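The values are calculated or read from the model by the stated rules, or taken from the named source; none is laboratory data. The model shown is predicted, which means the values in this text are computed figures rather than measured ones. Counting neighbours? That spans all protein chains shown, and the Cβs are built from the backbone with ideal geometry, glycine included. For accessibility, only protein heavy atoms count, side chains too; no ligands or nucleic acids. Shrake-Rupley method; radii C 1.70, N 1.55, O 1.52, S 1.80 Å.
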Amino acid sequence: MFSPEIRQAFQQQLAEMQAQGIFKEERVICAPQDADIEAEFPIGSERRKVINMCANNYLGLSSHPEVVGAAHRGLDVRGYGMSSVRFICGTQDIHKELERKLTEFLGTEDTILFPSCMDANAGVFEAVLNEQDVMIADRLVHASIVDGMRLAKAQQDTYKHSDMAHLESKLKLHQDKRIRMIITDGAFSMDGDLARLDVIVELAEKYNAMVFIDDSHATGFIGKTGRGTHEHFGVVGKIDIITTTLGKALGGASGGCVSGRREIVEMCRQRARPYLFSNTVAPVVVSGAVAVLDLISKTTERRDKLERNTRWWREHLTEAGFIIKPGETPIVPVMLFNAKLSQDFARDLYEEGVYAVGFFFPVVPKGQARIRTQLSAAHELHHLEKALDAFVKVGKKYDVLHKTKQEIIAMYGE
Ligand SMILES: *Cc1c(COP(=O)(O)O)cnc(C)c1O
């Protein structure tokens, strides 16, 4: 029974979140995902045309006509839903085709689809590792990896973010285990930095460890032909397990996968619980994703454009006097340090027609509040120019341009 006392307890918890300023409010988009969108914020207010600077739509394929067309055709020839998990009657020819294409694109041995990358991460460790093994993870890995590790029976350990000496000491410490698995995001979503895969692979060889990467923020656009962080670091074929999502650059609908060593993938087919007990990816999504892989295998045009957009945006924000996290990914955090400032700044940007979100503790460390901007191949120069104008206007209002971190903190606090 949902008694009045229980209801009140939940109401109080929610009110506390609001008081602490950590209550998440959704903005409602009344358009397909693209560089230009119409949004309502707050809900029920007048719709406004804004430039989207916070989607994971890196390649601009979320509403691409070829992808939408392929999804329509898939709907026509393979239906809407499968009403089954994969191993009963939920595997169509197109699921196998997509798995084959992902394997080819990622340069691995085999691939298994999951309902999402969250599910891939939730299933893979438990399916593959046992009590004699150890998982050694970067401390900033994605929440879905943290959850997946919790479900596995293997021992857990961590190393400081991208600290290779610390990782090495952990590898030495765990020489008595059957399997040592190094676990990291390929590209980290909050800072936009890359894992040091060249060093990680070297250490893995030296200490006989396996390497796992989650390339959700890299697949399709990092590396010369967009295959991911393993291509960027020249270690294709040396990563044992790659998980990634179809929910970001690869059309952005839904679905994820585990790709890598043949036997690992087969273990997942036999034992990974989100694969065995959750519905198959819908044919319409599979058909769209097949078209995405065909498109990005044929030409690097879109990832090249994304790279140009990223360079332009990083250079011009820096020139304008903002402090950004250095790097080369299309995740460009504009540092403001103070939580309230990040929220006020985002609200003002929205008024200026730019949609970006302010992040603060606990999503990022205390004192590191920021606006995270993300580039897309859907952005044209005029979008970026207009977004820059808005950033500069709001930046002037809060007097944060050409200021040091210390000066901004002196004005607003941490
Ligand atoms: C987005 C993301 C996921 C989740 O992907 P879904 O397919 O949406 O579940 C997992 N890992 C990382 C690193 C991500 O950025």
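Annotations
- Yes/no for E38 being in contact (Cβ under 8 Å) with a residue 60 or more places away in the chain and in contact with a strand residue (DSSP E or B) (Cβ under 8 Å, 6 or more places away or on another chain): no
- Single condition L167 does not satisfy, out of (1) closer than 30 Å to E307 by Cα; (2) of a type in the set (A, V, I, L, M, F, W, C); (3) open to solvent by less than 40 Å² (accessible area, probe 1.4 Å): (1)
- Taken as a whole, the condition of being farther than 22 Å from H142 by Cβ, of a type outside the set (D, E, K, R), in contact (Cβ under 8 Å) with a residue 60 or more places away in the chain and away from the ligand (no atom under 13 Å from the Cβ) applies to V290.
- Of the helices (runs of 4 or more DSSP H) that lie entirely inside segment 70-144, those containing 1 or more residues that are among the acidic types (D, E), within 16 Å of the ligand (Cβ to nearest atom) and open to solvent by less than 20 Å² (accessible area, probe 1.4 Å) span 93-106.
- The residues of segment 172-211 that are over 22 Å from the mean Cα position of the chain (by Cα) and either crowded, with 22+ Cβ neighbours inside 10 Å or closer than 29 Å to F359 by Cβ (or both), listed by number, are R180, V199, A204, A209.
- Enumerated strands (runs of 3 or more DSSP E) restricted to segment 192-282, each holding at least 1 residues that are within 22 Å of H161 (Cα to Cα): 210-214, 241-245
- Every residue from segment 221-263 that is away from the ligand (no atom under 13 Å from the Cβ), open to solvent by less than 30 Å² (accessible area, probe 1.4 Å) and either out of contact with any helix residue (DSSP H, G or I) (no Cβ under 9 Å at 6 or more places or on another chain) or over 21 Å from P274 (Cβ atoms) (or both): F221, G223, G226, H230, V235, I239
- Leading residue by the ranking (nearest to G256 (Cα to Cα)) among those in segment 308-321 that are of a type outside the set (S, T, Y) and touching a residue at least 60 places away in the same chain (Cβ under 8 Å): N309
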